[in-house]
Every structure is written in C-alpha cells, then in structure tokens.
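Dropping the structure in here first, questions after.
The values are calculated or read from the model by the stated rules, or taken from the named source; none is laboratory data. Just so we're clear, the structure is a prediction, and the values are computed from it rather than from any experiment. Heads up, the Cβs are rebuilt from the backbone with ideal geometry, glycines too, and the neighbour counts pull from every protein chain shown. Only protein heavy atoms, including side chains, enter the accessible area calculation; ligands, DNA and RNA are left aside. Shrake-Rupley method; radii C 1.70, N 1.55, O 1.52, S 1.80 Å.
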Amino acid sequence: RVNARESVEVAARTLAHYNIGGLPVCGDDGKLCGMVTDRDLVIRCMAAGRSPSSMKVQEVMTGKVISAGPDMEASAAAHLMGRQQIRRLPVLENGKLCGMVSLGDLAQQEDCSYEVMQSVHEQVLEKMEEIYLFLILGEAIAILLNHQHMQMEINIALWLHIKMAYITYTMMVNY
C-alpha cells in the first residue's frame, strides 16, 4: 500500500520493487481511499509532462474503488471483477484494507476459473475495441494532415498493441 500524500515516484518504486501493477492507496487513518496502477502513473503523470517526484499519488489515483469483504466467496469475487471490469479487488474489513485479490489469484481457484476467463475475455475485447477506435481516429488525422509516414507509424503501433492483446488473451485461455 501507499499513502495518498506520497509522491508518484514512491508509488512507482514500490510497484517496481514488488513487481506488481497496482497499489491500494490509504489515507493517514489507514482507510482505503483509492487505487493507483502503473498505467495511472504513465498516463496521468509522465504523459502529462509532470514530475513524479513532485506529484502526489492522490493526483493520479482512481478514487472510486470497488471492494469486497473478507467473507466473499471466490466465485462471487470473480463475478464482481468481471462485471466491474477490474483486475484487482481490495478486501476491506471495517473500512480498512486487509488484503487484495487479483485475477491471477482467482484463476488458480477451480470453482471460479470460468468467471476469471470470462472477465479476461471481456477486458481483452474491450481493449481491442479501444485500439480499433484509436486506429480509425489516427488514420483520419493522418489523412486530414496528408501524412503517409504518420499513417504508417500509427498502423505499426496499433498492430503491435493488437498482437500483444491477442497473445495475452491466448495465454489466459490456454491457462
């Protein structure tokens, strides 16, 4: 976990140290107030040209967090994660963080492997739709600007993203 008032740099180092993609964000009272992912750091800090050492986690985190209680069944957690399109589910007891469930954790549970696969399938399809829409927008901009070089770079980048999404999906299905 990371405190909301910590720098983005501290969050990035924590993610790297533990080789994880997301951290729960807690306030001074220890209560969960958000989640921050590696993607949040890249999009909301780095891509925005901000400094990770001066920007606070609370500026880049997602504040609305879906959570579970410690007594939730694994299959119910998988269903919730699929319905809400989330990869990590904080577990709260009396408002305080007591654990974290990931899609990978659930994939190891026989009673909910179908729900996990369905969730991953839906997330990959959603990302592929986003990539396709980006492709259309990128090509439209390139055509308007009459930049064939830009159009080729967009197509190559999008092909790589689609290929990565397909490989991820294939690995999860074959898991």
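Would you confirm whether or not the range 103-112 contains a residue that is open to solvent by less than 40 Å² (accessible area, probe 1.4 Å) and in contact with a strand residue (DSSP E or B) (Cβ under 6 Å, 6 or more places away or on another chain)?
Looking for residues that are open to solvent by less than 40 Å² (accessible area, probe 1.4 Å) and in contact with a strand residue (DSSP E or B) (Cβ under 6 Å, 6 or more places away or on another chain), one finds none in the range 103-112, hence no.
A follow-up question, please. If you take the residues in the range 5-15 that are of a type outside the set (A, V, I, L, M, F, W, C) and not in a loop (DSSP other than H, G, I, E, B), which one is surrounded by the fewest Cβ atoms within 10 Å (Cβ to Cβ)?
Result: R13.
Which residue is surrounded by the most Cβ atoms within 10 Å (Cβ to Cβ), if the candidates are limited to the range 16-43 and must be part of a strand (DSSP E or B) and more than 11 Å from the chain's Cα centre (by Cα)?
V25
Out of (1) under 24 Å from D105 (Cα atoms); (2) open to solvent by 80 Å² or more (accessible area, probe 1.4 Å); (3) modelled with pLDDT of 90 or more, the odd one out for Q58 is which?
For Q58, the failing item is (1).
Another question, then. Does L97 qualify as being closer than 26 Å to E126 by Cβ and either surrounded by 12 or more Cβ atoms within 10 Å (Cβ to Cβ) or small (G, A, S) (or both)?
So L97 does not fit the description; no.
Limited to the range 80-97, what total is found for residues that are over 13 Å from L32 (Cβ atoms) and not in a helix (DSSP H, G or I)?
The total comes to 3.
For the range 48-79, what are the residues that are of a type in the set (A, V, I, L, M, F, W, C) and in a loop (DSSP other than H, G, I, E, B)?
A48, M55, M61, V65, I66, M72
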